[in-house]
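What follows is a single structure, written as structure tokens, with notes after it.
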């Protein structure tokens with residue numbers, strides 16, 4: 001595995017729930033990441049992207065991990081406090097949830113957006129011949145070491161085992177049975193909601209170039225692109241939803257001192273996580289971001305910007321018309337009459 005771009009982990013954020021009394025935040029429960037949807041009017045507005053936080057439904061909604069902690073440029077972190085019902089999801093759809101955070105970021109934030117052109121959609125998979133054996137990794141929360149003042153993003157590595165197909169839908173953690181990628185990659189609690197990438201590089205180094213987007217903001221977002229370098233390939237394959245479960249036979253150990261009543265009986269089935277990771281495809285993310293509420297928010301933001309800029313232009317124009325040029329000589333009429341009279345009295 002090559003060393004990755006040092007900025008790339010900042011696509012990820014950590015999700016926290018509330019304590020039982022509702023007065024504080026719990027330990028981190030999962031991961032999410034930022035996505036940028038281009039604005040049609042981006043050349044005429046202070047922000048170029050609509051920004052969304054994306055994670056798994058079972059983390060942000062079901063388990064209550066709705067509060068976002070993300071990194072800042074001063075090596076600290078900030079919070080976006082949300083309620084589970086503020087996250088949007090597709091009913092009976094994929095195990096995904098998203099929320100619009102366009103107006104919640106500042107120029108001090110150390111956030112990185114994944115643009116849509118980086119998605120490994122069905123078309124891109126065919127075009128780039130993405131297949132079994134592709135190298136990949138995910139970025140997310142190592143729950144035992146989330147970081148005290150800043151998020152410490154960890155990585156897990158593996159390979160594509162099976163691409164999503166209608167012929168073999170997979171059960172996702174929210175209960176939906178849908179086409180899903182299978183990645184040969186181990187995970188653990190906290191990585192649910194992590195972005196999963198596939199990559200190719202002949203040089204064995206992803207540090208020099210990246211096609212992610214670094215986001216800063218002054219009212220809106222000013223996005224700076226680091227173009228993908230020659231012969232380098234990095235695509236978002238999807239979202240890590242959980243480990244494919246395995247069944248095994250559990251047998252009670254006979255040598256445990258002071259053994260109490262057995263929780264398991266010899267021969268009982270025990271379900272344990274396997275080394276096979278379920279990855280929700282990117283086209284499910286696109287469907288979610290085009291859901292009625294999120295789409296309406298984008299349209300309203302565009303309309304509000306258009307109205308504000310048009311109003312400013314009209315006000316400036318009206319101001320220009322209402323102001324008359326100042327007279328260099330306020331008494332020019334009196335002077336003109338006086339000079340005309342003098343000229344009439346003058347001798348030929």
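Assorted remarks:
- Distance-filtered residues of segment 144-162 - backbone nitrogen under 18 Å, label point 7 angstrom along residue 132 Cα→Cβ: 158-162
- Modelled FRET efficiency - R0 25 Å, residue 177 with residue 123, Cβ distances, 0.05 increments: 0.55
- Sorted by Cβ neighbour density within 10 Å, fewest at the top, the residues 289, 15: 289, 15
- Once you divide the Cα radius of gyration of segment 77-195 by 2.2 N^0.38 Å, the number left is 1.22.
- Simple label model, 7 Å out from Cα along Cβ direction - residue 302 to residue 200, nm: 3.4
- Protection proxy ranking of 122-132, 139-149 - average other beta-carbon atoms within 10 Å, highest first: 139-149, 122-132
- Percent of Cα pairs exceeding the 28 Å cut-off, where the set is segment 1-159: 24
- Most to least packed among 56-66, 171-181 [average Cβ atoms within 10 Å]: 56-66, 171-181
Every number in this text was worked out from the coordinates using simple rules, so none of it is lab data. Source: prediction; values computed, not measured. As a convention, Cβ positions derive from the backbone with ideal geometry for all residues, glycine included, and neighbour counts pool all protein chains shown.
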